[in-house]
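> What follows is a structure written as C-alpha cells; I'll ask about it next.
Since every read-out is calculated from the coordinates, none of them should be taken as a lab result. Since the model is a prediction, treat every value here as computed from it, not as a measurement. For neighbour counting, all protein chains shown are included, and Cβ atoms are generated from backbone atoms with ideal geometry for every residue, glycine included.
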Amino acid sequence: MLEINTWTFWLRHVLEVAATMAFTLSGVMAAARSRLDAVGVYAVAFLAAFGGGTLRDLLLDRRPFFWVAHVEYLWGVMALTTAAMLFMRQRHFAPTEKAMQLPDALGLGLFTAVGVDVSLDYQMPALVAVLLGVVTGVFGGVLRDIVRSEIPSAFSDHRPYALCAFLGGWVFWGLQTMPMPAWLALVGCVLVTAGMRLWALWANWRLPLWRVD
Amino acid sequence: MLEINTWTFWLRHVLEVAATMAFTLSGVMAAARSRLDAVGVYAVAFLAAFGGGTLRDLLLDRRPFFWVAHVEYLWGVMALTTAAMLFMRQRHFAPTEKAMQLPDALGLGLFTAVGVDVSLDYQMPALVAVLLGVVTGVFGGVLRDIVRSEIPSAFSDHRPYALCAFLGGWVFWGLQTMPMPAWLALVGCVLVTAGMRLWALWANWRLPLWRVD
Amino acid sequence: MLEINTWTFWLRHVLEVAATMAFTLSGVMAAARSRLDAVGVYAVAFLAAFGGGTLRDLLLDRRPFFWVAHVEYLWGVMALTTAAMLFMRQRHFAPTEKAMQLPDALGLGLFTAVGVDVSLDYQMPALVAVLLGVVTGVFGGVLRDIVRSEIPSAFSDHRPYALCAFLGGWVFWGLQTMPMPAWLALVGCVLVTAGMRLWALWANWRLPLWRVD
C-alpha cells in the first residue's frame, strides 16, 4: 500500500540521518582523544559517518552512493563536525568513553537495520545480507580506529558490539519474512541491537578472551 | 575438450576451498596472538580468508563475489573458526609462528594461481594479471595485520613472500601461453610459489633491508 | 576546439605522469624510513602512487583503471622504485622529511586537479567532485602511512595539507565554470594547492590542535 511504502521510506530516511549524526559525533570524539588536528577531525568524522554505508554500497555495486545522491549529507556532516569542534573548544569539554556509548549504540542499530534492508533489496542471500548489515553498522567505527592506528575497539574491547548487530540483523531478516508492515522489522532490529548493546554495557557482560599462554 | 574443462573447473574449486581454509586458520592464529576477543577472531579470520579475493573482484568489477555466489564459503569459514577456537581453548594450544608457515605457504600459492587465472579471464594485460594474483594471495594477510595495528609481515619480515607469489604468477602466465592442459599452469604456479616460500624459510634467505643511517 | 582539447589532453597526461613519479618517490622514502624490506618498499611505492587515483576510480565506478589502460605506469613505477633503491643504497642517502616536501606538494596539487577534473566529467556535484579531488591527492599518502602502522601525517601533523587540496579543488571548480581555456583551471589548481602548501611549510603555519584536557 502506498501509505505503508511512504511510512517505510520516511522511517528509513530519518534513521539514516540520525545514525549518520551519531557516528559523526563518535568520530569527532575519537579524533579529539587521539589529539588529531582539525583536518584529521573532519577526516575521521567522515570515515565514521560514511565508511560503513560506502563499503556496503561498493560491495553491492550500488550507485550512486547515498552521499552523491544526497549531497546534503556531506554538508550536514561538515556542519555538525564544525559545530562540535567549536562547542568542545569553548566548553573545554572532554569527551569521555561514557559519552560515546549512547550515540554509538543507536547508530549501530540504525545502520544495521538499513544495511540488511538494502542488501535484501539487492537479492542477497540471508547470511550475506546480515553480514552486510553488520558491515554497515561496524565498519565506520573500524575505519575510525584503523586510521588512528589503534586496534578497532569492536574487535578487542571484549564487549559485545558487532555481535549485537549480527543478532539484530537476523531479527530484521526474520521479521521481514513475516506478513507484517515493513517498518516493524526496522524498529525491531534497532530495538534489539541497541537495547542489547546498552544492556551488555550496563551488565558488564564480557566476551571471552582468547588467551595464548 | 570437456574433460579438461571439467578437470580445471574442479581443480580450481578444490584449490579455492583449500586456500580459504589455510588463510582462515592463519587469521585465527594471528588474532589469538593479538589477544582479540571472539568477535575479533571471526573478523580477522574473515578478512584473512576473503580479503584478497574480494579486493581482486572489486578491482576487476567481477560480481557476484565468490562468497555471494557460494554462501557455503561464509558458513564454512564461520564453522572452521568456531572449531579452531574451541580446539585451541581445550588444548591450551599456543599457535606459534612456525605452525602458521605451512598453511600460509600453501594458501599463498593457491590464491595466486586462482587470482592470475581469473584476471586473465578478464583480459587483463600480463603484468596486471600477475599483480592481481599477488594481491589475491597477499592482501588477506595484509588486512589481517593492518586490522591488528601491525606493519604487514609481508612487507617487513625480510623473508620472500609476495616475491614468491610474483614469480609464481609469471610461471602461471608463461605456462598458460603454451599448448598444454590448463590444470598444468595451476599446479606449476602452486608448486613454484609454495615451494620457493618453504625453501626460503628453510634456507633462511633474507631480503635486503633498506637501511637509512 | 580541437587545439584546446589536445592541449588539455596532453597537459593532464603530463600532470598524471609527474604526480605519479612524485608520489612514488615519497613512498620509497617513507618505506625506507620505516626500515621495510625491498618488497615492502615496492608495495608502499605502489600504494602511494596509485592509491588515491584507484580509490577515486572505484568510487566513480570508472573502468578500466588508468593503470590497466596504461600498463606502462606500472612498469614505470617499478623501474623508478628500483632506481631509487639502488641510488639510495650506493650513496648511503638518508631521505629526510625535508627532501619529501617538494615532490609531495607538487604531487598533491597535480593529483587534486586531475581528480576534480575526472569527477566533474562523471557529473558529480561540486562538493563531491572537490572531495574526490582531495581523496585523489591525499589517499595515496594516507595508505602509505596506514600500511606502515602510523597515524596518517595528513591528519595529525598540524600542517595544512588536505586543506590546501580542498581549497585548490574549489579553485579548479570555480575556474572551469568560467569561459576560459580548460588548461587554465588545471594550472590554477596546481599553483594554488602546491603554493599554499609550500608557503604554509615556510611560514610554519599550524592547524589548531584539538586538546582534550
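> Considering only B:Q176, B:Q90, B:Q101, give the residue with the highest GNM mean-square fluctuation for chain B, with springs between Cα atoms whenever their separation is below 10 Å.
Checking each option, the largest mean-square fluctuation is seen for B:Q90.
> So what J values fall out for region C:153-158 if you push phi through Karplus, 6.51 cos²θ - 1.76 cosθ + 1.60 with θ = phi - 60°, rounded to Hz, Gly and Pro as x?
Per residue, the Karplus-derived 3J(HN,Hα) values read 4, 4, 9, 9, 8, 6 Hz.
> What residues qualify as long-range amide H neighbours of C:V71, i.e. H under 5 Å apart, gap of 5 or more or another chain, H built at 1.01 Å from N?
Distant-sequence amide H within range of C:V71: zero hits.
> Per-residue HN-Hα couplings for region A:61-72, Karplus 6.51 cos²θ - 1.76 cosθ + 1.60 at θ = phi - 60°, whole Hz, x for Gly and Pro?
6, 9, 10, x, 4, 5, 8, 8, 5, 10, 4, 4
> Continuing with the same structure: Which of B:T177, A:T54 has the fewest other C-beta atoms within 10 Å, and how do the rest follow up to the most?
If I rank by nearby Cβ atoms, fewest first, I get B:T177, A:T54.
> Taking amide hydrogens as modeled 1.01 Å from N in the peptide plane, which residues meet the under 5 Å criterion relative to A:L207, leaving out close sequence neighbours?
Here A:R159 satisfy the definition.
> Mean-square fluctuation check for chain C, GNM, Cα pairs under 10 Å: which of C:A182, C:A113, C:A79 is largest?
For chain C, modelled as a Gaussian network with Cα springs under 10 Å, the answer is C:A79.
> To one decimal in nm, how far is B:H70 from the same spot in the other copies, if labels go 7 Å from Cα toward Cβ? Please give the shortest first.
Between copies, matching label points for B:H70 lie 3.8, 3.8 nm apart.
> Tell me, what HN-Hα J-couplings in whole Hz come from the Karplus equation 6.51 cos²θ - 1.76 cosθ + 1.60 at θ = phi - 60° for each residue of region B:138-144, using x for Gly and Pro?
9, 5, x, x, 5, 4, 3
> Also, I was wondering about something else. Let me check I've understood the local charge: for C:D37, count other residues with C-beta under 9 angstrom from its C-beta, Lys and Arg +1, Asp and Glu -1. What total comes out?
+2
> Now for a different question. Determine the sum of side-chain charges near A:M21: Lys and Arg each +1, Asp and Glu each -1, restricted to other residues whose C-beta is under 13 angstrom from that of A:M21.
With Lys, Arg at +1 and Asp, Glu at -1, the net is -3.
> What three numbers, in Å, describe the spread of the alpha carbons of region C:21-179 along their principal axes, ordered from the longest?
The Cα atoms of region C:21-179 stretch 51, 37, 28 Å along the principal axes, largest first.
> Right, something else. Let me confirm one metric for peptide C:148-160, namely the mean number of other chain beta-carbon atoms within 10 Å of its residues' beta-carbons.
Per residue, the number of nearby Cβ atoms from other chains is 6 on average.
> Here's something else I'd like to know. Note the distances from C:Q101 to each other copy's matching label point, with points 7 Å along the Cα-to-beta-carbon direction, in nm, sorted shortest first.
4.7, 4.7
> Also, I was wondering about something else. Kindly put B:L36, B:L108, C:L80 in sequence by how many other C-beta atoms sit within 10 Å of each C-beta, fewest to most.
Listed from fewest to most nearby Cβ atoms, that is C:L80, B:L36, B:L108.
> What gaps in nm, shortest first, separate C:E150 from its twins in the other copies when you place the label 7 Å past Cα toward the beta carbon?
2.1, 2.1
> Please find, in a Gaussian network model of chain A (springs between Cα atoms separated by less than 10 Å), the residue of A:W202, A:W75, A:W173 whose mean-square fluctuation is greatest.
Highest fluctuation of the listed residues: A:W202.
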